[in-house]
Structure formats: C-alpha cells, structure tokens
Amino acid sequence: KPDTDVYVLDTLGELKAHYCASDLAFIGGSLQPIGGHNVLEAAAAECPIIFGPYMHNFQEIADAFISQKAALLCPTPNELADTVHLLYQHPEQREQLAKHAKTLVQNSQGVVARVYELLKPYLGEPVGF
C-alpha cells in the first residue's frame, strides 16, 4: 500500500520483486551468527544495502561491498537504527550506496566467460558456448 513505511519479508522467492520498490535493504541473518544472506539481488536492483557483522556465508562478497563503499556494516541493532535514520535524512548517501552496489555487480559479470577463456587451451571442443 502507498502508506506502508516498513515491509518485512520472511519468505523465499519474494525479495527480488521488492528490492526495486525499496528505499534500502537490511540483509537478514547478519546481526546474529546465522551468516547473512546474499546481497547481489539487492545490488542488481540498485537498492542501498546495510548488513550486520555476521556475513560469513557470503564473506568475500560482503568484504568487496564494504571496500567499494557499496554497502554499510552496522555491528549492533542500535547502530542499524541510527544508520537507517541517517540514510533517510540524506537520500544522496542512499543513492551513492546504490550506485556503487550496482557498479560492483556489473563489473563482476562475465566471470564464467573469462574463466572459460583462461581454460580453453587445456580443454577439448567446447560444448554449449
């Protein structure tokens, strides 16, 4: 509904459709030692991303997003609340996060083709390329 301020999803398969309509995304499972979830769908939808310290299921990706200023790490629930409040006060910061996230995803595309090119001299005839 147009007057909805917060929408919490806790089911499989719904996130992708909602990221495009979101002002920001908090990645679940990351404030507790659960391991966090994948940030790539949110990034591809150009949605600003926030997550907690427990991203061990996607640690390499989380580290890349932090280093490229494509997501924010909030170690505690209080810091998460403060960060959400700050981002709503400064939409330009949300836009920068989203832009960096989408750029990171775009620059990472085509990995399979690049790996194939590296391995091609050692492989037989290609199948499916």
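The values are calculated or read from the model by the stated rules, or taken from the named source; none is laboratory data. For clarity, every value in this text was computed on a predicted model and none was experimentally measured. Positions of Cβ are backbone-derived with ideal geometry, glycine not excepted, and every protein chain shown enters the neighbour counts. Accessible surface areas use protein heavy atoms only, side chains included; no ligands, DNA or RNA. Shrake-Rupley method; radii C 1.70, N 1.55, O 1.52, S 1.80 Å.
Are any residues in the stretch 21-35 closer than 23 Å to His85 by Cβ and of a type outside the set (Ser, Thr, Tyr), and if so, which ones? Please lay out each step first, then the result.
As a first pass, look at the stretch 21-35 and keep what is closer than 23 Å to His85 by Cβ: 21-32.
Correct list: Ala21, Asp23, Leu24, Ala25, Phe26, Ile27, Gly28, Gly29, Leu31, Gln32.
Going residue by residue through the stretch 85-107, is there one that turns out to be outside any helix (DSSP H, G or I) and under 18 Å from Lys16 (Cα atoms)?
Within the stretch 85-107, none of the residues are outside any helix (DSSP H, G or I) and under 18 Å from Lys16 (Cα atoms).
Looking at the stretch 89-129 only, could you name the residues that are more than 25 Å from Glu60 (Cβ to Cβ) and modelled with pLDDT under 95?
Within the stretch 89-129, Lys120, Pro121, Tyr122, Leu123, Gly124, Glu125, Pro126, Val127, Gly128, Phe129 qualify.
Results for (1) in contact with a helix residue (DSSP H, G or I) (Cβ under 7 Å, 6 or more places away or on another chain); (2) open to solvent by 80 Å² or more (accessible area, probe 1.4 Å); (3) without any contact (Cβ under 8 Å) to a residue 60 or more places away in the chain, shown as yes or no for each residue.
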position	(1), (2), (3)
Ala70	yes, no, yes
Asn78	no, yes, yes
His85	no, yes, yes
His100	no, no, yes
Thr103	no, no, yes
Gln106	no, yes, yes
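Restricting to the stretch 26-42, and then to whatever is among the β-branched types (Val, Ile, Thr) and open to solvent by less than 90 Å² (accessible area, probe 1.4 Å), can you tell me which residue is nearest to Val8 (Cα to Cα)? If you could, list the steps in order and put the result at the bottom.
Quick first cut of the stretch 26-42, residues among the β-branched types (Val, Ile, Thr) only: 27, 34, 39.
From what is left, the residues that are open to solvent by less than 90 Å² (accessible area, probe 1.4 Å) are 27, 39.
Numbers: Ile27: 11, Val39: 16 Å.
The residue in question is Ile27.
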